[in-house]
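First the structure, in the form of structure tokens, and then the observations on it.
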Amino acid sequence: MFFLKILYKKFKYYFIYFFYILYFYFKKYKKNYKKKNIVNKFKKKYNKSKILNFFLLGPKGSYSNIAYIKYIKNKYKNNVLKLCYNFKEIIIKTENINKSFALLPIENTNSGSIYEIYDLLINSKLYILKEFNMKINHCLLSSKKNNINKIIFLYSHSQPFQQCSNFIKKFSKLNLINTNSTSTAMKIISKINSFSVAAIGSKNGAKLYNLFILRKNINNYNNITKFILLSNKNLITKNFDYKFIILIINFNKNNNKIINIIILFNKNNIIINKLEYRIFKNFKSQEVLYINFKNNFNFIKFKKILDKIKKKSNYIKFIGYYKINKKNFKLL
Ligand SMILES: O=C(O)C(=O)C[C@]1(C(=O)O)C=C[C@@H](O)C=C1
């Protein structure tokens, strides 16, 4: 006891200082702990929220909107429709908002691949989960009971102009005006309300924007658009039971490696479903190969092939896996 007293007298200030620091850190820790707890609680609540956001091209009445009603609206509970102004906005929002999905058109039997989407996908963090094919019947629409020969300006998205090229060719007077979607076109002509303007859009859109259908089915033959559903979560599982896999392979230009990759796929009996080639003129000219192929091997064999591709390329990116089980497709 005596010894402790001497110690206390000698080091009194050190003791006080030591306990003060201890108290200070304890308070700081308590504050941080509370803060962390609140953030964790918020995260838990946010992640538990069952709402699924679906981002797609708007406004109301677009073909993307019709595809959403047909394939998604009643199939997935608690889904919320979020209509966007253009494809880029759809991708950025889906990348950054929790539990969200993007519905995008990717190709059409008449107009071919939609390159704007391919180029956006190459630089995005999204994964393709599923695809849907939808028949598209374009109509010529006007806000008045109109004579086609009076129309001077025809509004629509760039894709329908290509899909209706045979019909448009017959009317040399027509000036084509590009809009972000067919529904934007319908909205514009309903506001202008003139004999000189018309739009290419859907039957449903005509009802929505009070337009007259001047001609039905003006598209070239058998017009089908493929839509894809994407998410910001990599949903790959260990069972590797995917029917199709989609890869993006990046090369430096002018090195003939693309041919080697195709030969490699061929040697391993890989059935390529779709192949797209894009060139990017950034600081280094780069080539990108988009390959959608049938998955007919196990993960070990697939990894060996991947390693070979890796040696021939700058980088590889997985951007999609379609499940075999179509009916019980789960989003999350
Ligand atoms: O403009 C629309 O209504 C869309 O949903 C876009 C889009 C497309 O870009 O392909 C979708 C389906 C049809 O092929 C025409 C237009």
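The values are calculated or read from the model by the stated rules, or taken from the named source; none is laboratory data. Computed from a predicted structure; not experimentally measured. Note: ideal-geometry Cβ built from the backbone for every residue, glycine included; neighbour counts use all protein chains shown.
For the reader, a short list of remarks on this structure follows.
- Across the range 276-319, the qualifying residues are those that are touching a Phe, Trp or Tyr at 6+ places or on another chain (Cβ under 7 Å) and of a type in the set (A, V, I, L, M), and the one among them that is farthest from Asn123 (Cα to Cα) is Leu289.
- Residue list for the range 97-118, filter: more than 14 Å from the ligand (Cβ to nearest atom) and either closer than 18 Å to Pro160 by Cα or surrounded by 15 or more Cβ atoms within 10 Å (Cβ to Cβ) (or both): Lys99, Ser100, Phe101
- Qualifying residue in the range 201-223 (condition: more than 16 Å from the ligand (Cβ to nearest atom) and within 26 Å of the chain's Cα centre (by Cα)): no
- Residues located in the range 62-80, provided they are closer than 17 Å to Lys187 by Cβ and surrounded by fewer than 22 Cβ atoms within 10 Å (Cβ to Cβ): Ile66
- Candidate set: the range 116-160, residues that are more than 20 Å from the chain's Cα centre (by Cα) and basic (Lys, Arg); chosen: the one farthest from Ile189 (Cα to Cα): Lys135
- Qualifying residue in the range 34-55 (condition: under 30 Å from Asn217 (Cβ atoms) and either part of a helix (DSSP H, G or I) or at pLDDT 95 or above (or both)): yes
- A single member of Asn166, Asn180 is within 13 Å of the ligand (Cβ to nearest atom) and polar (S, T, N, Q), and it is Asn180.
- The lone exception for Tyr76 - which of (1) over 26 Å from Ser196 (Cβ atoms); (2) of a type in the set (Phe, Trp, Tyr); (3) within 16 Å of the ligand (Cβ to nearest atom) it fails: (3)
- Residue ID - farthest from Ser165 (Cα to Cα), chosen from residues in the range 224-236 that are away from the ligand (no atom under 12 Å from the Cβ) and in contact with a helix residue (DSSP H, G or I) (Cβ under 9 Å, 6 or more places away or on another chain): Asn232
- Strands (runs of 3 or more DSSP E) contained entirely in the range 186-252, each with at least 1 residues that are modelled with pLDDT of 95 or more: 197-201, 212-215, 224-231
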